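What follows draws every value from the coordinates through simple rules; no lab data is involved. Everything numeric in this text was worked out from a predicted model, so none of it was measured. Here Cβ is always computed from backbone atoms with ideal geometry, including for glycine, and neighbour counts include all displayed protein chains.
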Amino acid sequence: MNKTGDNLNSKVDGDFISEEKSQSIFGTNMARASVIQSLFEREISKDFSSADINNLHFYKKLNKSKQKIANTILEYALENIKEIDSSIKKHTIDNNLDRIPKTDLSILRTAISEINCELETPVGVIVNESVKLADIFGSDASKNFINGVLSSMVR
């Protein structure tokens, strides 16, 4: 089996995301970034495996407790993807997930998974950190979109 490339990380290291922004990712947010990268890879790769998270740049920088958080969120996301996507559809104007950029979709799936997998992180923190990650990984409109969808879910 071919190793899945770290495509989202190449965007971080490339021209799309400034070095300053990518250096602002640390701690639990780095764990979230690893999950976002994994879910993004799942969307674009035909031979995705959840073990591929072990090869990602951000994941390798995590300590064991943060790796456990990343794995917990990723496992939840992969096991509950249909329910998560159904929830996203309920809180967006357009029910077509194919129209949501893959990065934004990955961020939403990560946030919803973290909210639901009982890691004791306050929901407000998850929403705020997801918006920060949308500012780093997404387009100019991503952070407003992510904030809107997650805020409508948690009300």
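What is the calculated FRET efficiency for S152 to F48, with r their C-beta to C-beta distance and R₀ = 30 Å, to the nearest 0.05? Given R0 = 30 Å and the Cβ-Cβ separation, E is 0.55. Rounded to the nearest whole Hz, the Karplus-based 3J(HN,Hα) values (6.51 cos²θ - 1.76 cosθ + 1.60, θ = phi - 60°) of region 140-155 follow the sequence 4, 8, 4, 5, 5, 5, 4, 4, x, 5, 5, 5, 5, 6, 8, 6, with x at glycine and proline.
Gyration tensor over the Cα atoms of region 84-146: the corresponding equivalent ellipsoid has semi-axes (square roots of 5 times the eigenvalues, largest first) of 19, 15, 9 Å. Using the Karplus relation 6.51 cos²θ - 1.76 cosθ + 1.60 with θ = phi - 60°, the per-residue 3J(HN,Hα) values for region 42-50 come to 4, 5, 10, 10, 7, 10, 5, 9, 4 Hz, with x marking Gly and Pro. Here the peptides 38-50, 86-98 are ranked by packing, the mean other Cβ count within 10 Å, and the order with the highest first is 38-50, 86-98.
Taken along the Cα-to-beta-carbon direction at a fixed 7 Å, the label points for K64 and I93 span 4.9 nm. Under the criterion of Cα pairs below 8 Å and six or more residues apart, the relative contact order for region 83-155 equals 33 percent. Across the alpha-carbon set of region 7-154, the Rg to Rh ratio works out to 0.92, Rh being the Kirkwood radius.
For E120 and A141 in one chain, what is 0.36 nm times their gap in residues minus the Cα-Cα distance, to one decimal in nm?
Net length gain for the segment: 4.7 nm.
Of K66/K143; K102/K132; K68/K89; K64/K102, which sit over 20 Å apart, Cα to Cα? Long pairs (Cα-Cα over 20 Å): K66/K143; K68/K89; K64/K102.
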